[in-house]
Amino acid sequence: MQRQFDDVLLGSIELFCLAAEAGSFTAAANQAGVTPAAVSRSVARLEQRLGVRLFVRSTRSIRLTEGGSAYFEECRTALSLLAEAERRVSGAQSQPSGTLRISVPTTYGHYRLLPVLPEFRARFPLIKLDIQVSNQNIDLHEERFDFAVRFRAQPESRMVARHLEDAALVVVAHPDYLQRAGTPKTPDDLAAHDCIEFDLPSTGRPIPWLFRDAGNDIEYHARGNFRCADDVLAGVTLARTGGGIFQTYRFIVEADLASGQLVEVLADYAGRSRPVSLMYPHSKTLPSRARVFVDYLMETLAHSSAPRKSDVRATAVSERPRTE
């Protein structure tokens, strides 16, 4: 095998990755224990070798070019695999380690993902978890996330998805509201009720409610005096306090239904759900910390879902999915 990389070049790649992650030559230099000028020279050396500009520089900041971003993703993966190979061969590190950055919507974060993460840390104490609980759309490549949990992901070639579950939908209301306004018997009866609307963050338009009637899937555009945006938990809170009728995920209101604080309505028209996927950038080989995280979530969160083809083999999905 002919040698292609010398020690200086490998060091330059490491400094380039540090600068890309930190967004600053100075911050990268501080982490590496070298001068900012040394980082700048390393990046210039790579740009000359590749014939590609890696960063757009200004007096106060740097940002990756399109070519620089693609090169960084490949270099980061390669360095991670080299580090893991060293650990395996030397036996110095028998357990996966490092940091995982995860983006998750508020609903799935509070009611599904966060409760199972302490057990994951107990199994893998050398892995740190950096978790963004938010309904903002994020670009996994641009913002350096390892994983995102998303509802209703759309196909796209750079991403891989593992199906976690089909989150069942349920229509609920507080008993006081139903005593005051009556109980709807069919979706058409909702026209006479206060339906709590929720705007999908990615579109700004209200999400239609989903029903199943005699095997047929139908949509209903709810209308009412409350309209919430960004966080679907706002609609749940309004329903809990008698503000009206709301459709949400069953896993959010299971305890409320069991205690009687909320009552399910239109149960004869239930049966609809939305898919939940664990997404991550496509790579031939995942670092061990990422691999064990995928396996753990498939074990703990996907156990209640019916088997699907996407549980067996990864499928392509978008890195800019809708969130809720």
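The values are calculated or read from the model by the stated rules, or taken from the named source; none is laboratory data. Note that this is a predicted model, so its numbers are computed, not measured. Because the Cβ atoms are built from the backbone with ideal geometry, glycine has one as well, and the counts that use them run over all protein chains shown. These accessible areas exclude ligands, DNA and RNA; they are computed on the full protein's heavy atoms, side chains included. Shrake-Rupley method; radii C 1.70, N 1.55, O 1.52, S 1.80 Å.
Key figures
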item	result
Residue check for residue 213: more than 20 Å from residue 271 (Cα to Cα) and not hydroxyl-bearing (Ser, Thr, Tyr)	no
Failed condition for residue 200, given (1) at pLDDT below 95; (2) out of contact with any helix residue (DSSP H, G or I) (no Cβ under 7 Å at 6 or more places or on another chain); (3) open to solvent by 20 Å² or more (accessible area, probe 1.4 Å)	(3)
Qualifying residues in the range 9-46 (those that are of a type in the set (S, T, N, Q) and not in a helix (DSSP H, G or I)) - the one surrounded by the most Cβ atoms within 10 Å (Cβ to Cβ)	24
Residue check, residue 49 under 21 Å from residue 77 (Cα atoms) and either exposed (fewer than 14 other Cβ atoms within 10 Å of the Cβ) or outside the structural domain of residue 72 (by the TED database) (or both)	yes
Strands (runs of 3 or more DSSP E) contained in the range 239-324 and holding at least 1 residues on the phi < 0 side of the Ramachandran plot and at pLDDT 90 or above	246-249, 263-265, 273-281
Test: residue in the range 55-63 that is in a helix (DSSP H, G or I), aromatic (Phe, Trp, Tyr) and over 23 Å from the mean Cα position of the chain (by Cα)	no
Residue satisfying condition, being crowded, with 21+ Cβ neighbours inside 10 Å and either outside the structural domain of residue 236 (by the TED database) or in contact with a Ser or Thr (Cβ under 7 Å, 6 or more places away or on another chain) (or both), within set 168, 148, 122	148
